[in-house]
1. Looking at residue 161, is it open to solvent by less than 90 Å² (accessible area, probe 1.4 Å), of a type in the set (D, E, K, R) and out of contact with any strand residue (DSSP E or B) (no Cβ under 7 Å at 6 or more places or on another chain)?
2. Do we have residue 186 as in contact with a Lys or Arg (Cβ under 6 Å, 6 or more places away or on another chain), among the charged types (D, E, K, R) and away from the ligand (no atom under 16 Å from the Cβ) here?
3. Looking at 162, 152 in this structure, which one is of a type in the set (A, V, I, L, M, F, W, C) and either modelled with pLDDT of 85 or more or within 16 Å of the ligand (Cβ to nearest atom) (or both)?
4. Can you find a residue that is open to solvent by 60 Å² or more (accessible area, probe 1.4 Å), within 11 Å of the ligand (Cβ to nearest atom) and in contact (Cβ under 8 Å) with a residue 60 or more places away in the chain anywhere in region 199-212?
5. Please work out if residue 175 is within 16 Å of the ligand (Cβ to nearest atom) and either closer than 18 Å to residue 459 by Cα or surrounded by 11 or more Cβ atoms within 10 Å (Cβ to Cβ) (or both).
6. Sort through 231, 222, 243 and tell me the only one that's open to solvent by less than 20 Å² (accessible area, probe 1.4 Å), away from the ligand (no atom under 16 Å from the Cβ) and not basic (Lys, Arg).
7. Would you check which residues across region 384-435 are β-branched (Val, Ile, Thr) and touching a His at 6+ places or on another chain (Cβ under 9 Å) and list them?
8. Can you tell me which of 322, 350 is crowded, with 16+ Cβ neighbours inside 10 Å, touching a strand residue (DSSP E or B) at 6+ places or on another chain (Cβ under 7 Å), of a type in the set (Val, Ile, Thr) and assigned by TED's automatic domain parsing to the domain that holds residue 222?
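The values are calculated or read from the model by the stated rules, or taken from the named source; none is laboratory data. Quick caveat, the model's predicted, so the values are computed rather than measured. Cβ coordinates were reconstructed from backbone atoms using ideal geometry, including for glycine residues, and neighbour counts include every protein chain displayed. Quick note on the areas: whole protein, heavy atoms, side chains included, nothing else; ligands and nucleic acids left out. Shrake-Rupley method; radii C 1.70, N 1.55, O 1.52, S 1.80 Å.
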Amino acid sequence: MPHASIVINQCTLDDHKLQVLTMDLNSNRLQNTSTASSLNNREARNAYQRQWRARRTEAQKALRRQADASYREQRTASLNEEQRVLRRETNAQRQRNVRAAGVSSQRMALNAAQQRTYTQRRINDQIARNNLQIQAESVANDDESTVLEHYCGKLEDQCYECKALHFTSESSNFKTIYDVNGGIARVKTFTKCCKNGQIKLDELPHYPEPFLTWMKNEDAMAKNFMENIRAVNSSFAFASMGANIKPPPGYGPYCFRIHGQIYHRASTLHPPAGNDRQYGQLYILDTEQANAERANHSSNGAIDSSVFQLIADFMERNNPITQAYKMLYQVEQESIHEAQANGIQVKEVTMAIVHDRKSDPRRHNAATANEVAVVFTNKDGLPPTNWDLLIHAKCAPDDQSKGMQRIDVTHKNLEALTYPILFPYGDQGWGVDLLRNKTGTRSRISQMEYYSYRLAIRENFNALLSAGKLTQQYFVDAYVKNGG
Ligand SMILES: [Zn+2]
């Protein structure tokens with residue numbers, strides 16, 4: 001920098017030299033800045049600039065100060081009074097902004113705290129990685145002595161939206177709640193139970209007696225019921241659940257395990273000639289006769305006859321599907337009598353277990369109907385929709401399936417038909433038309449979300465979680481329905 005030494009020695013500076021030197025310095029700075037920018041790293045660039053400033057000689061610094069002062073003088077001189085006032089106000093405001101942003105000691109404390117958090121997180125991550133490494137090695141070496149116990153906290157955190165109980169460490173996210181009285185609260189958010197309030201299903205009716213007592217108590221009848229609960233459920237089911245059941249080998253607690261698929265089938269009102277009545281076909285018999293048939297079944301030998309009697313009484317009084325089967329039988333008998341009286345052909349009778357219970361327009365044309373089903377004769381009524389499950393009175397002579405028809409897993413009445421012990425009032429289950437409570441990215445409730453909501457632990461008694469072996473079967477069934 002020859003110009004710089006000349007300036008210092010002469011201690012004078014004419015305009016031309018000033019211009020040349022300023023250009024020289026600026027171009028140098030631009031080059032350096034440009035070089036530093038190319039490092040594409042703010043930290044590295046700052047360090048580079050600090051070094052560059054430190055390398056400048058005293059002469060260069062003095063020259064720079066002088067050039068800056070001269071530039072300011074020229075610039076100030078060129079401003080009018082109004083511009084000067086504006087500039088002073090701008091500077092004052094900038095200073096106020098800096099003060100408002102906090103004194104430097106506070107900023108430093110904040111930065112230090114953030115740094116500590118970051119460091120702690122890195123340490124925790126490293127510990128977790130090391131633990132995983134240790135455990136992986138232990139498993140590989142068949143050594144369980146070093147496997148660490150995981151503790152996920154108590155089951156005491158309640159979802160604000162659906163009141164499901166969760167383990168403490170299931171969520172670390174919060175949201176702010178504003179109540180109508182102006183109160184504000186911070187609550188934890190959970191997605192497993194209700195997708196943070198997006199899923200809201202109608203509550204199932206209060207679980208009735210005698211089932212409630214049997215699931216809670218330990219007396220002889222309760223034990224008999226719980227021990228045989230899967231067989232009891234099958235005895236009163238309207239439709240069959242077929243699976244290749246393969247318990248795991250060896251001893252241990254009960255485990256419901258299947259191999260392959262599960263099939264749900266409904267039958268005609270009457271069995272083919274020579275076959276025993278089963279499932280929904282039993283409901284047209286009087287209670288005593290039906291229970292005798294149930295007790296005769298090979299897998300029901302251990303079931304207390306009082307259990308059969310109490311459940312049959314309950315179903316007779318409270319289950320609408322029981323009444324639907326009786327209704328179908330009644331219409332069929334009327335049709336036969338009418339045909340005999342008039343010497344005409346017997347009308348074909350069919351029952352549709354409806355998908356849409358609330359508003360089915362075909363009820364007006366049905367021979368008879370209740371809340372879950374409508375019965376048609378062949379000449380009357382509109383054809384049922386694809387959603388409905390049709391129960392015919394008799395199977396055709398050439399029917400290879402012997403009147404058994406498969407029920408689609410999307411049918412809303414499937415669970416009421418196959419799990420009368422879990423849904424004693426015939427409540428409907430998941431259907432494709434179930435919608436979310438709040439607007440989300442998807443408006444329909446998936447089958448998985450439905451089960452997550454229903455199977456969450458809440459303070460109310462939940463029969464789906466309390467039915468022992470039948471709960472296991474229900475879980476496996478739900479898992480397979482979801483595509484396994
Ligand atoms: Zn919830």
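1. The answer is yes for residue 161.
2. no
3. Only one candidate passes the filter, namely 162.
4. Yes, the conditions are met somewhere in region 199-212.
5. Yes, satisfied.
6. One residue alone meets the criteria, 222.
7. Scanning region 384-435 gives 385, 407, 409, 418.
8. Result of the check over 322, 350: 350.
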